[in-house]
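The numbers here are math on the coordinates, done by the rules we state, and not lab data. All figures in this text were calculated on a predicted structure; none of them were measured in a lab. Backbone-built Cβ (ideal geometry, glycine too); neighbour counts: all protein chains shown.
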Amino acid sequence: MNIKELHRQYKKRLAKEKRWIRFYQLLLLIGFFVLWETASSNRWIDPLIFSSPSRIFRLLMDMISDGTIFIHINYTLFETVLGFILGTLIGTILAAILWWFPTLSKILDPYLVVLNSMPKVALGPILIVALGPGMTSIITMGAIISVIISTIVIYTSFRNVDANYLKVLQTFNATKWQMFKEAILPASFPTIISTLKVNVGLSWVGVIVGEFLVSSQGLGYLIIYGFQVFNFNLVLMSLLIIAVFATLMYQLVEMLEKRLIKNE
Amino acid sequence: MGFLIVENVSHTYFSKDAATEALQDISLTVEEGEFISFIGPSGCGKTTLLSIIAGLIRPTAGNVYIENQKVYGNKDLSIGYMLQQDYLFPWKTIEENITLGLRLLKQDVDRGIASKLLKDVGLPAVEKKYPRELSGGMRQRVALARTLAVDPKILLLDEPFSALDYQSKLKLEDLVFKMLKQYNKTAILVTHDIGEAIAMSDRIILFSPRPGRIHEIFEISEDIRRLTPFQARSHAGYSPLFQQIWKELERLEH
């Protein structure tokens, strides 16, 4: 037995373990759909309410062939991505302003707490009246739901950057802007990325609720429309599509994380 | 006229509950090329004084001059400050870390300067690596290179060897000592280690605590000063001086 041989065996074991995990993950997925289908066709559950994978699939095929589903997906995806980027970006900028003016941050502290604990979706009706019943309101909903929590989390991270890094920069006569650019911001990248991950989920909530309220297009609209005409195939299909795209967005953020934070 | 003049410096920290007097009426003069150590029990304001000399804190009273210029708020003076840990920026390469000061001070960044400095501090060509790929001793050497890159008027060393293992510490002491002598730099070292202070300095200033005051000044004899820190530790005059300072420190702490 030499080391090379042992290493080969070790790698083989790892690969085997990974294969088994993948297998069970797949089994769970297939099992879920098979159980759902069987339960529905045998009327263990009410197919009118819980639909079934085959019905959903047929509906999806119909909507793909007439192209309507793409319009809805496009619409919602655009709103969500924009709301998500705006929410994080504005949150970061606000955090920077608070860091820059410590007195301002002390003054605003209680208001941030109030704004953060308030359910932002409750602002929906006001937004719609103020911005009109259209895409602008929905994107604003997607952004507003994540902006305050992003501000708070990122500002906390700005403040927790080790003061000795700033001391090093100070001995080089760095300006405040240089301290922000060289130390504060890059040291907080991991935090900003993790708020991005949280914001993926939050923006979907904002956008879907926004579409519930006003839209005549999009996946949120399909859900509320399906509910109104009691077409639960439509509701569950939209839900599955949202699950797929929300996961994809999350994966994209993780890829971004790996590229940006290679020095940890 | 001295190179560095500390003139009647006092400093008090204020908090909601108390006003703590950290330093009381400190005056001292340091000549160019001299190596001074500050030692004393914890809470004697050594690091506060170092920060004041660096121009990072404005003293409550008194002034500090380097070459007759006030240090606080002076953008023309360059001061080298080394901390207990290296504080290299983990997201920057070694080269970017070394040239950071030059860029911030808008000095010319020579293309070869990083590799030249790395060679000077006894490191191989690691410019393109990141700090995490280097050992603690190597990182502190890079921090030294970063400090020396801007050609500072004075080097302030705040226990820069204390976080290292003993062997790296001894090696780095010798390196710093040699480089300071080579460039005729003035330096002030804050340390807890009496041995280190004797081995490296020309003069040792012992502080008494609460509030920090200069208690006693020890001159190191010429024949120990000439030796490198490593050799100095085995000089005949080293142990008696160590004992003497040790006793003084003990007395201050009780």
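Being within 22 Å of residue A:242 (Cα to Cα) and in contact (Cβ under 8 Å) with a residue 60 or more places away in the chain is the requirement here; does residue A:83 meet it? Steps first, answer last, please.
Values: within 22 Å of residue A:242 (Cα to Cα): yes; in contact (Cβ under 8 Å) with a residue 60 or more places away in the chain: yes.
Answer is yes for this residue.
Counting only residues that are over 30 Å from residue B:150 (Cα atoms) and of a type outside the set (Phe, Trp, Tyr), give me the strands (runs of 3 or more DSSP E) lying completely in segment B:168-254 with at least 3 of them. The strands (runs of 3 or more DSSP E) meeting that bar are B:213-219.
The single condition among (1) under 22 Å from residue A:256 (Cα atoms); (2) over 25 Å from the mean Cα position of the chain (by Cα) that residue A:91 does not satisfy is (2). Here is the figure for segment A:32-50: residues that are without any contact (Cβ under 8 Å) to a residue 12 or more places away in the chain and within 27 Å of the chain's Cα centre (by Cα) total 1.
Per this entry, residue B:73 is not counted among residues that are more than 9 Å from chain A (Cβ to nearest Cβ), crowded, with 23+ Cβ neighbours inside 10 Å, out of contact with any helix residue (DSSP H, G or I) (no Cβ under 8 Å at 6 or more places or on another chain) and of a type in the set (Gly, Ala, Ser). Taken together, B:109, B:126, B:121 contain a single residue that is under 17 Å from the mean Cα position of the chain (by Cα) and β-branched (Val, Ile, Thr), which is B:121. If you go through segment B:91-116 and keep only what is under 25 Å from residue A:259 (Cβ atoms) and of a type in the set (D, E, K, R), you end up with B:92, B:95, B:96, B:103.
Return a yes/no flag: does segment A:13-24 have any residue that is touching a helix residue (DSSP H, G or I) at 6+ places or on another chain (Cβ under 8 Å) and farther than 19 Å from residue A:238 by Cα. No, segment A:13-24 contains no residue that is touching a helix residue (DSSP H, G or I) at 6+ places or on another chain (Cβ under 8 Å) and farther than 19 Å from residue A:238 by Cα. Taken over segment B:149-182, the residue count meeting the criterion of being touching a Pro at 6+ places or on another chain (Cβ under 9 Å) and farther than 14 Å from residue B:233 by Cβ is 2.
Out of curiosity, is residue B:186 in contact with a Lys or Arg (Cβ under 8 Å, 6 or more places away or on another chain) and more than 14 Å from chain A (Cβ to nearest Cβ)?
Yes, satisfied.
Of the helices (runs of 4 or more DSSP H) lying entirely inside segment A:120-228, those containing at least 1 residues that are within 30 Å of residue B:56 (Cα to Cα) are A:135-159, A:163-171, A:176-179, A:189-213.
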